[in-house]
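J.: Here you go, one structure.
The values are calculated or read from the model by the stated rules, or taken from the named source; none is laboratory data. Treat the numbers as computed from the prediction; the structure is a model and nothing was measured. As a convention, Cβ positions derive from the backbone with ideal geometry for all residues, glycine included, and neighbour counts pool all protein chains shown. Protein only, heavy atoms only, side chains kept; ligands, DNA and RNA dropped before computing areas. Shrake-Rupley method; radii C 1.70, N 1.55, O 1.52, S 1.80 Å.
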Amino acid sequence: EHVDALLLQRDDALGVTDYRGISGACWRNTSYQDGGEPYCYAVHTGMLVYPMLEYVAALRSAPRYEDRIAADGETLGAKAERYLVAAQESVAFHEFEWNDAGYYVFAPDASFLAYAGQDQPLNQSNALGRVHVLLAELAPGGGDLEKATALASRMQSMITVGGDGAYLWNYWGGALAGDGEDVSHAAINVDFAALCAAHGIVFDEADVAGFATTFMERVYVDDATFSDWVGRSE
């Protein structure tokens, strides 16, 4: 029910458009831009589509549920296939923002954005990265594995390993500065890396252990206290 309601709120279902006048398979935002210009952020698409594909993957692992009838009369199997197509449509919408170097960029012609034409922060690209990983498994051959691999390679290249073995990085990537990324956005990057490791894409168990060290040695302080940053130095 949640997914069906979500898809009814997609731009192409509502008949609304982005700043280019395109009514696409995305969910536009008007609140982040000072002038209220409508823009579809890749990170939002990733956050909304990822659970849809988790559902599809879960259903496929338990085929006995495929013929179950939902409250609206549609089978769960039919819903899963419809959600898979919807996810592919939403990912395809952001193809114009993709850079083959392994990241998404903010649209160069979106002059109202402070970072128009620049590469997106790691978490924003990797929110869609998680979607590419699942699509590579659920609908192989569509170029998703290549994108997931490129995104993972770039993420890996941005990591600095601390003296304690902790994996550290910045919100925007680049050379480590200060205490690194905030844990809220970092969680998306860690989930992406762990998902990649589970699917044998660039990251492995040693990397997962490095992220675990980040949590235990840098984020966790005690049972009631957690750092806001991945690179807490004290």
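J.: Collect the residues in the stretch 193-205 that are in a helix (DSSP H, G or I), out of contact with any Lys or Arg (no Cβ under 8 Å at 6 or more places or on another chain) and surrounded by 18 or more Cβ atoms within 10 Å (Cβ to Cβ), keeping them in residue-number order.
T.: First, the residues of the stretch 193-205 that are in a helix (DSSP H, G or I): 193-198, 205.
Still in the list and also out of contact with any Lys or Arg (no Cβ under 8 Å at 6 or more places or on another chain): 193-194, 196-198, 205.
Within the stretch 193-205, ALA193, CYS196, ALA197 qualify.
J.: Before we move on, is GLU181 farther than 21 Å from PRO51 by Cβ, open to solvent by 20 Å² or more (accessible area, probe 1.4 Å) and not hydrophobic (A, V, I, L, M, F, W, C)? So that I can check it myself, show each step before the final result.
T.: Values: farther than 21 Å from PRO51 by Cβ: yes; open to solvent by 20 Å² or more (accessible area, probe 1.4 Å): no; not hydrophobic (A, V, I, L, M, F, W, C): yes.
Answer is no for this residue.
Residue by residue, here is whether (1) surrounded by 14 or more Cβ atoms within 10 Å (Cβ to Cβ); (2) under 17 Å from the mean Cα position of the chain (by Cα) holds:
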| residue | (1), (2) |
| --- | --- |
| GLY21 | no, no |
| GLN33 | yes, no |
| PRO38 | yes, no |
| VAL43 | yes, yes |
| LYS79 | yes, no |
| VAL85 | no, no |
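J.: May I ask you to list the residues in the stretch 212-234 that are in a strand (DSSP E or B), in contact with a helix residue (DSSP H, G or I) (Cβ under 8 Å, 6 or more places away or on another chain) and over 15 Å from THR160 (Cα atoms)? Working first, answer last.
T.: If we filter the stretch 212-234 for residues that are in a strand (DSSP E or B), which is where we start, we get 220-222, 225-226, 229.
In the following step, the residues that additionally are in contact with a helix residue (DSSP H, G or I) (Cβ under 8 Å, 6 or more places away or on another chain) were identified as 226, 229.
PHE226 - this is the single residue of the stretch 212-234 that is in a strand (DSSP E or B), in contact with a helix residue (DSSP H, G or I) (Cβ under 8 Å, 6 or more places away or on another chain) and over 15 Å from THR160 (Cα atoms).
J.: Further question on the same structure: Does VAL91 satisfy being in contact with a His (Cβ under 8 Å, 6 or more places away or on another chain), under 19 Å from ASP144 (Cα atoms) and not basic (Lys, Arg)?
T.: Numbers: in contact with a His (Cβ under 8 Å, 6 or more places away or on another chain): yes; under 19 Å from ASP144 (Cα atoms): yes; not basic (Lys, Arg): yes.
It is true that VAL91 is in contact with a His (Cβ under 8 Å, 6 or more places away or on another chain), under 19 Å from ASP144 (Cα atoms) and not basic (Lys, Arg).
J.: I would also like to ask the following. Any residue that is in contact with a strand residue (DSSP E or B) (Cβ under 7 Å, 6 or more places away or on another chain), in a loop (DSSP other than H, G, I, E, B) and closer than 30 Å to ASP34 by Cβ - is there at least one of those in the stretch 144-162?
T.: Within the stretch 144-162 (the criterion being in contact with a strand residue (DSSP E or B) (Cβ under 7 Å, 6 or more places away or on another chain), in a loop (DSSP other than H, G, I, E, B) and closer than 30 Å to ASP34 by Cβ), the answer is no, since none of the residues qualifies.
J.: Suppose we filter GLY73, GLY143 for residues that are open to solvent by 30 Å² or more (accessible area, probe 1.4 Å) and on the phi > 0 side of the Ramachandran plot; which single one remains? First the steps, then the outcome.
T.: Values: GLY143 fails: open to solvent by 30 Å² or more (accessible area, probe 1.4 Å).
After ruling out the rest, the residue left standing is GLY73.
J.: Specify which of the listed residues (VAL208, VAL190) is outside any loop (DSSP other than H, G, I, E, B), within 25 Å of LEU84 (Cα to Cα), open to solvent by less than 60 Å² (accessible area, probe 1.4 Å) and not basic (Lys, Arg).
T.: Values: VAL208 fails: within 25 Å of LEU84 (Cα to Cα).
Every option except VAL190 fails the conditions.
J.: So, one more: Quick check on PHE106: is it in contact with an Asp or Glu (Cβ under 8 Å, 6 or more places away or on another chain), open to solvent by 10 Å² or more (accessible area, probe 1.4 Å), touching a residue at least 24 places away in the same chain (Cβ under 8 Å) and not basic (Lys, Arg)? Spell out the reasoning first.
T.: Values: in contact with an Asp or Glu (Cβ under 8 Å, 6 or more places away or on another chain): yes; open to solvent by 10 Å² or more (accessible area, probe 1.4 Å): yes; touching a residue at least 24 places away in the same chain (Cβ under 8 Å): no; not basic (Lys, Arg): yes.
In short, no.
Residue-by-condition table, conditions (1) at pLDDT 95 or above; (2) in a loop (DSSP other than H, G, I, E, B):
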site	(1), (2)
THR17	yes, yes
GLY24	yes, yes
GLU37	yes, yes
TYR55	no, no
ARG82	yes, no
ALA86	yes, no
ALA107	yes, yes
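J.: Just give me the residues in the stretch 87-103 being open to solvent by less than 30 Å² (accessible area, probe 1.4 Å) and of a type in the set (A, V, I, L, M), in sequence order.
T.: Once the filter is applied, which keeps residues that are open to solvent by less than 30 Å² (accessible area, probe 1.4 Å) and of a type in the set (A, V, I, L, M), the stretch 87-103 yields ALA87, VAL91.
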